[in-house]
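Peer 1: The structure under discussion is supplied below as structure tokens; questions concerning it will follow.
The values are calculated or read from the model by the stated rules, or taken from the named source; none is laboratory data. Computed from a predicted model, the values in this text were never measured in an experiment. All Cβ positions, glycine included, derive from the backbone under ideal geometry; neighbour counts span all protein chains shown.
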Amino acid sequence: MKTVLITGANRGIGLAAARQLAGAGHSLVLLCRDEVRGREALAALSPLPPPHEHRLIACDLASPGSVRDAARRIIELRTPIGALLNNAAILPKRRMLTPDGYELQLAVNHLGHFLLTNLLLPRLLAAPRPCRVVTVSSDAHRGPPFDFADPNFERRQYKRTHAYQQSKLANVLFTLELARRTAGTSVEAVALHPGVYDTGLLRDYMGGMPGSGAFGRVFGRNADHGGPILARLAVGHPDEDLNGAYFSKSARSTPSAAAHDQEAWKRLWEWSASAVGLP
Ligand SMILES: NC(=O)c1ccc[n+]([C@@H]2O[C@H](COP(=O)([O-])OP(=O)(O)OC[C@H]3O[C@@H](n4cnc5c(N)ncnc54)[C@H](OP(=O)(O)O)[C@@H]3O)[C@@H](O)[C@H]2O)c1
């Protein structure tokens, strides 16, 4: 049984994956920005036989300081990490910036996960193979190339779908560069479009429509259906080398042409490292 870390584990697809993995006997570390919501999620997991337990660690991906604290607390657990699910995301209407001046979708959806993964990388590399880093992207990444001239929408007009698209493309570029850097090690980096589910993120996007009625019928797969898809990528197919793979739900797929640009992989890695203060 493995220890699996999940960001954004208190609702939606992240919670569904946590429940699925806990039900299969894996030990979860829920990385949530809100303590109360995190505790509620913890209480919803199947308990493990003592002395094993699930844990909650506060982690606000918009704050590099909070991510650093979370990584330190994870390392202090001294538990081999079985998998890391970079799942949390936002899709806000308005353009917002972090105190450091980064556009919030890019900061939460990509930069926070970039920092967390890098801080944990020595532990991930020391874990038994396969140690999967599954980054939840979206088929929404299929858009224009990453705009290195204006990543924070200072010169372009902010459209939240464009900012979301860019952050989800960053998830794939990051995964492919991580796969390149960790080739031949225990780490396997995978990106994923999980499918479309009736979650808070989708409802925010659709303008707060309820998750029932017409909305439910059109988009309305319950997020519970996404749980097994994430869980399988995290701990399933242990004999298959998934390093560098992109999945659309349960099937291997091909990311966009912009995601194949190896120069962009390296450039985004360097830009992100400087943004979060990594060497
Ligand atoms: N739903 C879909 O149809 C769909 C389709 C394609 C891809 N995806 C991807 O699937 C993943 C999960 O999305 P979802 O639909 O399950 O969304 P969701 O229900 O809205 O859940 C998002 C999670 O992210 C957390 N989060 C937000 N801001 C955070 C921050 N600053 N620090 C840490 N955690 C933060 C939220 O915590 P709070 O509760 O504290 O806000 C929540 O737990 C995302 O990567 C999304 O892009 C979803």
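Peer 1: For a quick check of your reading of the model, give me the residue pairs whose first member lies in region 36-62 and is at pLDDT 95 or above, whose second is hydrophobic (A, V, I, L, M, F, W, C) and part of a loop (DSSP other than H, G, I, E, B), with beta-carbon atoms closer than 8 Å and at least 6 apart or on different chains.
Peer 2: GLY38/ALA9; ALA41/ALA9; HIS54/LEU45; HIS54/LEU48; ARG55/LEU77; LEU61/ALA88
Peer 1: Which residue out of SER272, SER253 is surrounded by fewer than 17 Cβ atoms within 10 Å (Cβ to Cβ) and closer than 26 Å to LEU106 by Cβ?
Peer 2: So the residue among SER272, SER253 that is surrounded by fewer than 17 Cβ atoms within 10 Å (Cβ to Cβ) and closer than 26 Å to LEU106 by Cβ is SER253.
Peer 1: Moving to a separate point now. From ILE75, ILE81, ILE90, which residue is within 23 Å of TYR164 (Cα to Cα) and among the β-branched types (Val, Ile, Thr)?
Peer 2: Result: ILE90 is the single residue among ILE75, ILE81, ILE90 that is within 23 Å of TYR164 (Cα to Cα) and among the β-branched types (Val, Ile, Thr).
Peer 1: Right, something else. So, in region 50-86, exactly how many residues are under 22 Å from ALA191 (Cα atoms) and among the aliphatic types (A, V, I, L, M)?
Peer 2: 8
Peer 1: Report yes if TYR197 is within 14 Å of the ligand (Cβ to nearest atom) and at pLDDT 90 or above, otherwise no.
Peer 2: Criteria met by TYR197.
Peer 1: For the condition within 30 Å of GLN157 (Cβ to Cβ) and buried (at least 20 other Cβ atoms within 10 Å of the Cβ), what is the one hit in PRO64, PRO92, PRO99?
Peer 2: PRO64
Peer 1: So the check is Cβ under 8 Å with 6+ separation or different chains; which pairs have a first residue in region 67-78 that's touching a residue at least 40 places away in the same chain (Cβ under 8 Å) and a second one that's part of a helix (DSSP H, G or I) and among the basic types (Lys, Arg)?
Peer 2: ILE74/ARG123; ILE75/ARG123
Peer 1: Which residue pairs have Cβ atoms closer than 8 Å, lie 6 or more positions apart in sequence or on different chains, and pair a first residue in region 239-257 that is closer than 16 Å to LEU169 by Cβ with a second residue that is surrounded by 11 or more Cβ atoms within 10 Å (Cβ to Cβ) and of a type in the set (Phe, Trp, Tyr)?
Peer 2: Within 8 Å, the pairs are SER253/TYR246; SER253/PHE247; THR254/TYR246; PRO255/TYR246.
Peer 1: Is it the case that some residue within region 214-237 is away from the ligand (no atom under 16 Å from the Cβ) and modelled with pLDDT of 95 or more?
Peer 2: Scanning region 214-237 turns up at least one residue that is away from the ligand (no atom under 16 Å from the Cβ) and modelled with pLDDT of 95 or more.
Peer 1: I want to confirm something. Restricting to region 1-36 and keeping residues that are loosely packed, with under 15 Cβ neighbours inside 10 Å and closer than 20 Å to ALA70 by Cα, which single residue is nearest to the ligand (Cβ to nearest atom)?
Peer 2: Looking at the filtered set, the residue picked out is ASP34.
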